[in-house]
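Every number in this text was worked out from the coordinates using simple rules, so none of it is lab data. Quantities reported herein were computed from a predicted structural model and do not represent experimental measurements. For neighbour counting, all protein chains shown are included, and Cβ atoms are generated from backbone atoms with ideal geometry for every residue, glycine included.
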Amino acid sequence: MLRDILFYPETLRADYEFDFGPDCREMFIATEDGEKLNALHFSLDIPRGCVVYAHGNAGNLASWGAVAAVFNELGYEVIIYDYRGYGKSSGDVGTEAQFYRDVECVLQRARLGFSEQDIILYGRSLGTAMMTHLARVSTCRQLILETPFVSVPDLARTLFPMLPAGLPLDYSFDIGAMLREVDIPVDLIHGTQDEIVPYDCSVRLAQMLGDDSILHTVRDGHHNDLSMYPDYHNALTAILKQSDRKQGT
């Protein structure tokens, strides 16, 4: 039941051709158990670093690839991938541990071209769990979480108050707990009118992190439209400029 609520994979034909311009290269990333994750690499001539991006719980790279443009404009290459069962990625949606093992493979691929100190981890919605995991097991430069939740059980209590208390859940994606193990800068971006993941989730995460995080509020922003608001672009520009200054680039 929870799997059907959490994940909305959309597949792509094996011969589907992405149309994001000449600087976009399609690749496949092998997992430890023999599956292949489809990914897109948006390159630049002289990048300031690389953003590794984990997307939300629906769609595939045919639509999600468009998010790379804003990072390219700010001087960052982008590697974005599809989860198992999404797009052209092989396999089926796996366990929580499998999600984490897979995203570690994506980071390994990014490290072929960049040091961890040149890599920024960016997660959106479901993808915030994957990037928070990477942040606790790596020394990447920065963690940016767009519309993060505290944990799946916490979110389920908000969205589905009729669920029986104590109902066992296959996925916890406990971002709040994982963030206690993160030692790199954390920035949160959230819209005040988010109808899927309440804005209060980021407020609570920011309170938990204290001075180790910054919450960037997108006034009137919802769950799927933050890029339409100047607050979002101002926040992202400020985050990356600050990250550049700390790195000395």
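What FRET efficiency would be calculated for the residue pair Ser115, Phe160, taking the C-beta separation as r and a Förster radius of 51 Å, to the nearest 0.05? With a Förster radius of 51 Å, E is 0.75. Taking Lys and Arg as +1 and Asp and Glu as -1, the other residues whose beta-carbon sits under 11 Å from that of Asp183 total 0. Out of every Cα-Cα pair that segment 2-247 contains, those further apart than 33 angstrom amount to 12 percent.
Here the extension length gained between Tyr8 and Ser172 equals 57.3 nm, from 0.36 nm per residue of separation less the Cα-Cα distance. Where does segment 1-91 land on the Kirkwood hydrodynamic radius, alpha-carbon pairs, in angstrom? For segment 1-91, the Kirkwood estimate is 13.7 Å. Taking other C-beta atoms within 10 Å as the exposure proxy, Leu159, Leu40 rank Leu159, Leu40 from fewest upward.
Residues whose amide H falls under 5 Å from that of Arg48, counting only those 5 or more places apart or on a different chain, are Tyr76, Glu77, with hydrogens built in the peptide plane.
Among Leu44, Leu121, Gly75, flag the residue with its Cα farthest along the positive direction of the charge dipole of segment 1-152, charges on Cβ as +1 for Lys/Arg and -1 for Asp/Glu. After comparing all options, I get Leu121.
In what sequence do Asp92, Asp174 fall when counting other Cβ within 10 Å, fewest first? Intermediate values should be presented prior to the final figure.
Numbers: Asp92 13, Asp174 18.
Ordered from fewest to most neighbouring Cβ atoms within 10 Å, Asp92, Asp174 come out as Asp92, Asp174.
Can you give the net charge of the other residues whose Cβ lies under 14 Å from the Cβ of Glu17, counting K and R as +1 and D and E as -1? Once positives and negatives cancel, what remains is 0.
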